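Asks: Submitted below is the structure of interest, expressed as structure tokens.
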Ligand SMILES: [Zn+2]
């Protein structure tokens with residue numbers, strides 16, 4: 001059940017979308033999810049690294065936090081430089097380390113769509129070597145009382161994954177199926193590979209009723225709906 005409480009700081013804004021799930025968004029409009037189980041929590045995606053997401057998450061939960069990225073883009077992997085480790089599909093590790101997706105100026109540039117923000121280069125967590133743990137389709141994150149399962153959906157990037165919670169019937173999709181999913185970037189799969197991956201993802205469609213992505217809110221089964229109660233500048237389904 002969705003709740004209205006909002007926690008806002010200079011760099012982040014969050015609200016509960018389910019009793020055990022917090023949606024966190026950053027300047028520029030990317031969003032990530034903190035999923036809390038009985039024994040541990042899973043942070044799905046890590047925004048840009050502008051401001052300390054790790055400190056923000058620590059205010060939200062006392063549980064040990066595992067960190068996984070749906071793909072290696074700069075607006076999803078920023079917290080890797082704070083945690084010093086992350087779960088990631090191996091096909092996206094090189095992409096995550098590329099200058100375009102790790103450089104502080106590039107990550108600060110993601111905030112430019114909100115010129116009223118006052119972020120500076122000093123606010124950006126410096127890039128550093130990250131211990132990467134590989135994840136593949138079928139892998140499970142066990143949070144104690146329920147699990148999230150990895151599904152590979154290469155397209156937007158070759159290493160894109162989504163995470164399926166069969167108990168609560170929700171999937172967290174990163175940029176896999178945004179309103180305007182972007183292909184043709186360095187690191188993207190071909191259109192043919194993306195189509196094949198979407199058909200594979202579709203085979204899970206009876207297992208979930210809602211899909212929460214990396215930009216622009218929620219898409220329910222059978223109908224895409226902007227999450228209008230939480231509309232934000234720059235959050236209109238941009239597929240970065
Ligand atoms: Zn992306």
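Asks: Do we have any residue at all in the stretch 72-80 that's out of contact with any helix residue (DSSP H, G or I) (no Cβ under 6 Å at 6 or more places or on another chain), away from the ligand (no atom under 16 Å from the Cβ) and over 21 Å from residue 165 (Cβ atoms)?
Replies: no
Asks: For the stretch 86-112, which positions are over 22 Å from residue 154 (Cα atoms) and either away from the ligand (no atom under 15 Å from the Cβ) or within 13 Å of the chain's Cα centre (by Cα) (or both)?
Replies: Within the stretch 86-112, 103, 104, 105, 108, 111, 112 meet the criteria.
Asks: Further question: Any residue at all in the stretch 33-50 that is part of a helix (DSSP H, G or I) and either within 20 Å of residue 159 (Cα to Cα) or away from the ligand (no atom under 16 Å from the Cβ) (or both)?
Replies: No, that holds for no residue.
Asks: Follow-up. List, please: which pairs have Cβ atoms under 7 Å, are six or more places apart or on different chains, and start with a residue in the stretch 147-161 that is under 13 Å from residue 195 (Cα atoms) and end with one that is away from the ligand (no atom under 11 Å from the Cβ) and in a strand (DSSP E or B)?
Replies: Correct list of pairs: 152/161; 153/161; 153/162.
Bear in mind that the values in this text are calculations on the coordinates, not laboratory data. Please read all numbers here as calculations on a predicted model, not as lab measurements. Note that each Cβ is placed from the backbone with ideal geometry, even for glycine, and that neighbours are counted across all protein chains shown.
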